[in-house]
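In what follows, a structure is listed as structure tokens, so that the remarks can point back to it.
Quick note: the coordinates plus some simple rules give every number you see, no bench work behind them. As the structure is a prediction and not an experimental result, all values here were calculated from the model. Cβ atoms come from the backbone with ideal geometry, glycine included; neighbour counts cover every protein chain shown.
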Amino acid sequence: MDAKYLNYIPEGDIYLFNTGKAQKAWLCYGCHYVPEVNAHRFVLWAPNAKAVTLVGDFNGWDREATPMELMEGGVWVCFVEGLHKDALYKYCVTQANGRQVLKSDPFAAFGQNGKDNASIVWDGGSYQWTDGGYMKKRSQRKPLSQPMSIYEVHLGSWKDLGYEKAQYRLLGEALAAYCKDMGFTHVELMPVSEYPYDGSWGYQVTGYYAPTSRYGNPDDFKCMVDTLHAAGVGVIIDWVPAHFPRDEHGLACFDGTNLFECKEQRMAEHPDWGTLIFDYGSNQVQSFLISSACLFFEEYHVDGIRVDAVSSMLYLDYGRGSNFTPNKDGGNTNLEAVAFLQKMNSTVLQNYPGAITIAEESTAFPLITGAVEDGGLGFTFKWDMGFMHDTIDYMSLDPYFRSFNHNRLTFSMMYAFSENFVLAYSHDEVVHGKGSMVNKMSGDYDQKFASLRSLYGYQFAHPGKKLCFMGGEFAQFIEWNWQQQLDWNLLDYPKHEGMRQYYRQLNHIYKNHPALYRIDRSWDGFTWLNVDDKERSSIAFLRSSPQDDDYVVCVCNFTPVDYEDFVIALPCEGTLNKLLSSEDAVYGGSGKSCKKRISSRKAPFMDMDYSANITLPGMSCLLYSFRPKKEERARRSSKAAGTAKSGKKRAKN
């Protein structure tokens, strides 16, 4: 290697990568233009390769033309002058067994997708961010006590914007306008890291450092995020460290050995998905994955990551039955994966104030959102899969049988405060023959819509953040098909447009009432007002935020029968003022009336001194703002202020 290049090999960064301490490994590895020597530097980790050469359209894909040199630390390096932007390249890796394989750059910032899978020279782009004010405000936010209503989106099938391929910039403009109007606080994008197979929806990643080129280049992706931020909409991306595909150009058997995957072949293969599992105990793999997560926060300003398939990471016997290698203590917990997730969450949340991490975890593994110092995994939130399954199962029942399954409706409150939950009705629930959200509901056409409105009302009033998969907000009838846009034409029909307006109103009520989001992990924010009326399959509860002097009552009737005298308890004297009825005609409901204002009465119920009679239409959800009597408001406000002052004093001490 020419001596003039030696000073531009980042030995310190290579050391950090090899010790598992790298957080910005993309600054060292991959392709970078070095202006001091007017050349592009290529750095590749492949310690067990016999030889590596750089090939591309700039050298006619000649496997001998541009050799790379093995340096200390197991990395191969070369410098190339005269490269043009958007040049295509790969590494020709002569593996330990002598076989030559063309590999995409694991650290590429840009790459081809689909059958073409070369990496693309990208010199950092020229995009100028405009979201400084948004990012500053985000850094001061406390996500647990803020409203969060997430719109989950698959970019390729949300809406046809009139081009052969949807573009990040156009999608950003359209999504920002739609989400702002609808009242969503965040979008969650199904995986945007580069992937070869369209049918994987992005969940089989080969390019952990590159936004997929299906919709544009990295600058276009930045513009999309920036546009959403300008509308006040946060961006969460699905991130997939649980497994990776076997595609020859990708990470699999990279230098002829199990480099990225588990060293024991049996434990390296995912038995259910046909993919490979990362070696979470490897220092370099930790550096690779954690740097990938940090890249999207650092370079692309995302607000959060939702980590896919966490359960498959945590359990050594996941999908294996008894065919697994136990941990050092003889158990089935993947201790290395636990340590990796703790390290990843700590790194992200410390470096990017206001950012969030979300776990898709389907078991009762303890302390998913617990603090790392307390033995938890350190996630900000966890999807509440139990709530999702129980409520969907309940709503699929004929109303006659719901009274025998009342616990499916109420059981979530037995564990609601054990984690920081997101109540998610995600894409997983509307594919593979499961039916769309509206088609899961029991009953005829009208009953399905009434049931879904009631379910959404219950979801929004229940403790936990909210998530809706695209199309669910207007009751798309068919299952999601990633190969076509949503059926937006359904909005020409009153029932579907009514559902969209209803979901929009739920979002705005949710954001405007701190009682519905401020206290999501304590009984201080939730009180049952009628919980055991299984004969009528109806419930009522109070959401509270004393510090904001805000109280919201939710009453749900999950039968098609009207009730004139449904009794709910009230904690004190006061009045109920209607916020919303799911049966209002504007939302596609029957138009049956319910009282707009209800006064409490001095009649004990459920160990409370006061109560109220509610006129409850069949298959409905009612939301009321509860206004305690003036004297009671003053007492509660004083108590809340004292609690807040005490909490600040404890924090200071």
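Would you mind calculating the gained length between K137 and K592 on full extension (0.36 nm times residue separation, minus the Cα-Cα distance), in nm to one decimal?
Full extension of this stretch gives 159.5 nm more.
For segment 6-58, compute Rh as the Kirkwood radius over C-alpha pairs and then the Stokes-Einstein diffusion coefficient at 4 °C and 1.567 mPa s; write the answer in µm²/s, rounded to an integer.
Value of D from the Cα-based Kirkwood radius: 103 µm²/s.
Could you work out the pair-distance distribution P(r) of the chain from its alpha-carbon pairs, with 10 angstrom bin width and percents rounded to whole numbers?
3, 15, 24, 23, 17, 10, 5, 2, 0, 0
Take every Cα-Cα distance within segment 502-602, group them into 10 Å bins from 0 onward, and report for each bin the whole-number percent of pairs it holds.
13, 43, 38, 6
Local charge sum around V431 (other residues, Cβ-Cβ under 14 Å, Lys/Arg +1, Asp/Glu -1)?
Net charge around V431: -2.
Which whole-Hz ³J(HN,Hα) couplings does segment 441-448 yield from phi under the Karplus relation 6.51 cos²θ - 1.76 cosθ + 1.60, θ = phi - 60°, glycine and proline marked x?
After applying 6.51 cos²θ - 1.76 cosθ + 1.60, I find 6, 6, x, 7, 3, 5, 5, 4 Hz.
Per residue of segment 274-291, in order, report the coupling 6.51 cos²θ - 1.76 cosθ + 1.60 (Karplus, θ = phi - 60°) as ³J(HN,Hα) in whole Hz, putting x for Gly and Pro.
x, 10, 10, 10, 5, 8, 5, x, 7, 4, 5, 5, 4, 4, 4, 6, 5, 5
Using θ = phi - 60° and the Karplus relation 6.51 cos²θ - 1.76 cosθ + 1.60, list the HN-Hα couplings for segment 253-269 in order, rounded to whole Hz, with x at every Gly or Pro.
After applying 6.51 cos²θ - 1.76 cosθ + 1.60, I find 6, 4, 10, x, 10, 6, 8, 8, 8, 3, 5, 7, 4, 4, 8, 7, 9 Hz.
Between K21 and Y197, what is the label-to-label distance in nm when each label sits 7 Å out along the Cα-to-Cβ direction?
Those two pseudo-labels are separated by 3.9 nm.
Along the Cα-to-C-beta direction of Q447, a point sits 7 Å from the Cα; which residues of segment 517-550 have their amide N less than 15 Å from that point?
537
Mean residue ellipticity at 222 nm from the helices of the chain, using -39,500 (n - 2.57) per DSSP H segment of n ≥ 4 over the full residue count, to the nearest 500 deg cm²/dmol?
It comes out at -8000 deg cm²/dmol, rounded to the nearest 500.
With a/c under 1.5 counting as rounded, go ahead and sort segment 31-93 into rounded, prolate or oblate using the C-alpha gyration tensor (a ≥ b ≥ c being the square roots of the eigenvalues; past the cut-off, prolate if a/b is larger than b/c, else oblate).
Because a/c hits 1.5 or more and a/b fails to exceed b/c, segment 31-93 counts as oblate.
Can you pull the one-decimal nm distance between simple spin-label points at V561 and N613, each 7 Å off the Cα toward Cβ?
According to this spin-label approximation, the distance is 1.8 nm.
Provide the FRET efficiency to the nearest 0.05 for the E248-N512 pair, computing r from the beta carbons and using R0 = 51 Å.
0.45
Below 19 Å, Cα to Cα, which lysines can K602 reach? Residues fewer than 8 away in the same chain don't count.
K629, K630
Direction-averaged shadow area of the convex hull around the Cα atoms of segment 533-575, nm²?
Computing the convex hull of the Cα atoms and averaging its projections yields 3.7 nm².
Work out the FRET efficiency for Y493 and A230 from their Cβ-Cβ distance, taking R0 = 35 Å, and round it to the nearest 0.05.
0.60
First check a/c for segment 189-320, with a ≥ b ≥ c the square roots of the eigenvalues of its C-alpha gyration tensor; if it is under 1.5, answer rounded, and if not, answer prolate when a/b is larger than b/c or oblate otherwise.
It is prolate, given that a/c is not under 1.5 and a/b is the larger ratio.
Using the Cα atoms of segment 420-469, I'd like the radius of gyration and the largest Cα-Cα distance, Dmax, both in angstrom.
Every Cα atom of segment 420-469 included, Rg and Dmax give 11.6, 36 Å.
Report the calculated FRET efficiency for D329 and D272 (r = Cβ-Cβ distance, R0 = 22 Å), to the nearest 0.05.
According to the calculation, E is roughly 0.30.
Could you tell me the relative contact order of the chain? Use alpha-carbon pairs under 8 Å, at least six residues apart, and round to a whole percent.
10
If we count every other residue with Cβ under 13 angstrom of E264's Cβ, Lys/Arg +1 and Asp/Glu -1, where does the sum land?
So the environment of E264 carries a net charge of -1.
In nm, what is the difference between 0.36 nm times the number of residues separating S346 and A371 and their Cα-Cα distance?
Between S346 and A371, full extension yields an extra 8.1 nm.
Please enumerate, by chain and number, the lysines with C-alpha under 23 Å from the C-alpha of K115, excluding those fewer than 8 residues away in the same chain.
Filter leaves K85, K90, K103, K165.
Less than 18 Å apart at the alpha-carbon level, and either on another chain or at least 8 residues along: which aspartates and glutamates does that give for K440?
Of all the aspartates and glutamates, those that pass the test against K440 - Cα under 18 Å, at least 8 places apart if same chain - are D390, D393, D398, D428, E429, E473, E479, D487.
Under the classification rounded if a/c is under 1.5, otherwise prolate if a/b is larger than b/c and oblate if not, where does segment 3-120 fall, given a ≥ b ≥ c as square roots of the Cα gyration tensor eigenvalues?
Rounded, because the longest to shortest axis ratio a/c is under 1.5.
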